[in-house]
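So the structure is just underneath, and the comments pick up after that.
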Amino acid sequence: MLCPHCLQDSNLKPVSDTEQGLVLRCSNPLCDYPVVPLLYGDDYGSHPPSPFCIIGLSGHGKTVYIESLLHEIQQLGAKWTDSQFHFTWLDEVQMRQAYSRLKALRNGQLPKGTKTVFMRPQVLRLSNIPCVGGSQLVIFDMGGEAFLDSATLVEHGKYLRHTPAIVWLLSLKKGDPYDSPDDVNQMMTVYLQTMSRLGGNTKEQTLILVLTKGDELLNRSDLPESAKTALSYPNYSPSGQVWNLLDQASTDLEAWLRSEMCGYHNLVNLVKSRFKNVRYSIVSAQGAPAAGDGLQFGMMPRGVLSPLLWLWRLQRDLVWVELNGQKLLHLDLAEAVAASSGGVVQLEEGTYRLEKPLNLRSPIQILGRGNGKTVIELQAPSYGIGVAISKGTALIKGLSLRRVGPQPGDIIRVMQGNLDLQDCFVGGAITGQLEGRSVQGAGLLIAKQAKSRIVSCSFKGNQGNGILFMDQSSGQVYDCTLEGNGDAGVYVRTEGVVHVARAAARSNQTGIWIEAVGQGKIEQCIAEQNGSAGIVASGTTTSNLQIIGNFANNNRRDGILARASTAALFLKNSCSGNARNGIALTDDSTATAKENQVHRNARNGIRVSDNASPLIESNTLEENTESGILFEGSASGEVRSNSIRDNQGDGIRLEGTGSPRIEENRSIGNGGFGIAVASEQAKVEVDPKKNSADTNKRGPLMDVRSKKGSGWWSRPS
Ligand SMILES: Nc1nc2c(ncn2[C@@H]2O[C@H](COP(=O)(O)OP(=O)(O)OP(=O)(O)O)[C@@H](O)[C@H]2O)c(=O)[nH]1
Ligand SMILES: [Mg+2]
Ligand SMILES: [Zn+2]
């Protein structure tokens, strides 16, 4: 818990106090008022403290503002009836003092100037604020004189250092003490110096710069229209329409202060560079100028809740929903999404945490401020975000989606409808067992007949696949990065149509794995440094699967692997530096490998094994450590018009029992033979005249069967 008196995270323990009975005691030895009423800890989770210091030059309206705020809060129960708003003082003594001050104020009596001496904060406990819930306001009021020199401020301002928010009240009323931009610049300089002397960091503080005595500013013709509207706006409920106005007024007031007419450009630029965030608002605590020492009509506060609304908005994970041009606020994301089907949910910068899965059941747009800026942390087991839309599309854009906590689960599951995913980070999915069922741990899982279009996203560190297409799902994956996933970067096992272009699949178990697909195209991707193969075509994929123009380099096993009975087409790919073969064609594969560039792999350029029977045509196989093309097992097929050169072993080597057709190849400059039949069981028939095999180190041809006298193989080299 945060001690409301010293603003330190402290373990507030209930103890028995001789005078006050049961209280909470702060464990910080430097705490000035270590005793906190028990009530403070009640429902602490739903009543988080919002500490703020009210600062400002002497006479700028701090004390009157606090009083008017208390006055306003007293009225809220009658205004916010739907939510059943209520409030209480944390401390009885403070309450009595406050009531007597308020009574005086209502009778028109103004408070005296605040002494520089630091006072105990006032803690006000608010419950059932519409959309916001509970909040304990911890309000520090300091005398304005302290802001004139940093020595005084250091003495009293240790609280400044720890406060997450500053509400700076600034009066622009001519004739007030300290009414020039110079005074204000000086004060800010003192504040910044004090903070650095105290070892504080203003970059962690929110600044709400509030123009006071708004009633006096109304007659200035240059005061922005939005500021005037804000002063007369009747409903400051966080569940209402006031937010657009607050935004507008903040922007306009900033511009106004910066204008030549106003002359506060230095202040505006200074605070912008020094604080975490700055917002502007305008208030009138009294509602009208005072007459002499008193108020003619009592208090008529205007806009005094605006600083509080900004505090809540900047300190909480609030969610904005923009629907039909209106901006509405919600306390949590799930509630916002449920309330905004068909609309746009606009998230702020910051981290949102979802304990339950977020289910999208109708078209919606969820927009973050950018990958890395808006983060959603997902905790729910099984899946974090579920999309099942009977008609239409959900768009998720500009977000980081991360799983946190120990529960196994995917990040996103799309079961029905379309998901459009743009500029997102998706990571941290966890593989495991839940109630006897295994959880994939995929970043994005698309199943049944769902569709997904995934553009410029990165899928990193998922324990399962980065992207998984299954059942009859379809989709496009464009310009995505898939990195460090425990299974494949992209795994496809669907009857649908899948197009993957310009993906970079790095350091996954496998780069891209196509187990089944109705129609598939993988093009211009980079698959590198994966733990096993770069790109795999498997299952019963047909020539409807085309793998074109990809780079499969430096993988720990094969660059490209065709397995099971795939008949995929591999065209114009480049495979180099792989720890095994550039291209491996295995099992019963009848794949076609055409016009590929296969260089410097640690084993063979192309290895054909088992029962594979591929077409290998017009490939360039160079400088591989073993053979250019190796046949093993009963593999056969056709090897035509390849350029095979400078491999350390043979150009083409036949070890198995298969009988591939080998025609019109150019096998030159290899370390072994141009063509070598290395197995006595080989049934291969090669007409050497149909290939050229000059300038190989050991000779053009070798046939171990030649001693059995099979004709033209036995020519000397
Ligand atoms: N017209 C107008 N005058 C205001 C308003 N709020 C405060 N004032 C006047 O400003 C003067 C100073 O207000 P205080 O609240 O005592 O100022 P302070 O910032 O607490 O000053 P110190 O305690 O000396 O630091 C009083 O005379 C108020 O009548 C307002 O909303 N409108
Ligand atoms: Mg005061
Ligand atoms: Zn304390």
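The values are calculated or read from the model by the stated rules, or taken from the named source; none is laboratory data. Since the model is a prediction, treat every value here as computed from it, not as a measurement. No Cβ is skipped: glycine too gets one built from the backbone with ideal geometry, and neighbour counts run over all protein chains shown. For the accessible areas, the whole protein counts, side chains as well, though only heavy atoms, and no ligand, DNA or RNA atoms are used. Shrake-Rupley method; radii C 1.70, N 1.55, O 1.52, S 1.80 Å.
Structure notes:
- Percent of C-alpha pairs per 10 Å bin, the range 383-534, short to long: 14, 47, 35, 5, 0
- Bridging of Lys158 to lysines at a Cα separation below 27 Å is possible for Lys13, Lys62, Lys112, Lys115, Lys203, Lys272, Lys276, once same-chain residues fewer than 8 apart are set aside.
- Debye intensity ratio I(q)/I(0), log10, the range 524-609, q values 0.11, 0.12 Å⁻¹ (C-alpha model): -0.22, -0.26
- The residues of the range 154-311 expose on average 41 square angstrom of accessible surface per residue, using a 1.4 Å probe on protein heavy atoms.
- Scoring 129-139, 644-654, 412-422, 386-396 by mean Cβ neighbours within 10 Å over their residues and listing the highest first yields 644-654, 412-422, 129-139, 386-396.
- Cβ charges +1 (Lys, Arg) and -1 (Asp, Glu), total dipole of the range 65-175, debye: 240 debye
- Cα pair distances of the range 502-660 binned at 5 Å [whole percent]: 2, 12, 22, 25, 23, 12, 4, 1
- What the range 1-126 shows is 49 Å² of accessible area per residue, with the surface traced by a 1.4 Å probe over protein heavy atoms.
- Each peptide in 664-672, 562-570 receives the mean, over its residues, of other Cβ atoms within 10 Å, and ordering these scores from highest gives 562-570, 664-672.
- Gln97 versus Asp32: modelled label distance in nm, points set 7 Å from Cα along the beta carbon direction: 1.1 nm
- The chain: antiparallel DSSP beta bridges as a percent of all, rounded to 5: 20 percent
- Here, the range 232-354 is characterised by an Rg to Rh ratio of 1.05, where Rg is the alpha-carbon radius of gyration and Rh the Kirkwood radius.
- Extension gain from Asn201 to Asn244, taking 0.36 nm per residue of separation minus the Cα-Cα distance: 12.5 nm
- Within the range 106-221, DSSP assigns beta bridges of which about 45% are antiparallel (rounded to the nearest 5).
- Cα-based shape type of the range 425-477, given that a ≥ b ≥ c are square roots of the gyration tensor eigenvalues and the cut on a/c is 1.5: oblate
- Taking the average, over residues, of other Cβ atoms within 10 Å as the packing measure, peptides 223-230, 17-24, 94-101 rank 223-230, 94-101, 17-24 from highest down.
- D (Stokes-Einstein, µm²/s), Kirkwood Cα radius, the range 347-441, 1.002 mPa s at 20 °C: 161 µm²/s
- Centre-to-centre, using Cα atoms only, the range 617-646 and the range 345-394 are separated by 50 Å.
- Within the same chain, aspartates and glutamates fewer than 8 places from Lys373 are excluded, and of the rest, those with a Cα less than 19 Å from its Cα are Glu204, Asp317, Asp332, Glu348, Glu349, Asp423.
- Shape of the range 179-226, Cα gyration tensor, a/c cut at 1.5: prolate
- Taking the accessible area of the range 157-271, probe 1.4 Å, and keeping the other protein chains in place, the carbon and sulfur fraction comes to 48%.
- Listed residues Thr212, Asn544, Ser692: farthest to the positive end of the dipole of the chain (Cβ charges): Ser692
- Sequence-distant lysines (8 or more away, or on other chains) whose Cα lies within less than 24 Å of Lys690: Lys594, Lys707, Lys708
- Between the range 458-483 and the range 83-133, the Cα center-to-center distance that results, in Å: 55 Å
- Shape class for the range 209-284: oblate, because the ratio a/c of the largest to smallest gyration tensor axis (alpha-carbon atoms, square roots of eigenvalues) is 1.5 or more and b/c is at least a/b.
- Derived from the Cα gyration tensor, the three semi-axes of the equivalent ellipsoid of the range 577-642 are 17, 13, 9 Å, largest first.
- Stokes-Einstein, applied to the Kirkwood radius of the chain over Cα pairs at a viscosity of 1.002 mPa s and 20 °C, places its translational diffusion at 70 µm² s⁻¹.
- Projected onto its three principal axes, the C-alpha set of the range 663-703 covers 27, 19, 10 Å, listed from the longest axis down.
- Our note on the geometry: Cα centres of the range 164-192 and the range 237-278, 15 Å apart.
- The value given for the range 107-235 is a Kirkwood hydrodynamic radius of 17.0 Å, derived from the mean inverse Cα-Cα separation.
- Above 22 Å, the calculated P(r) of the range 459-547 contains 13 percent of its Cα-Cα pairs.
- Between 0 and 90°, nearest 10: helix 62-79 axis offset from the chain longest Cα axis: 80 degrees
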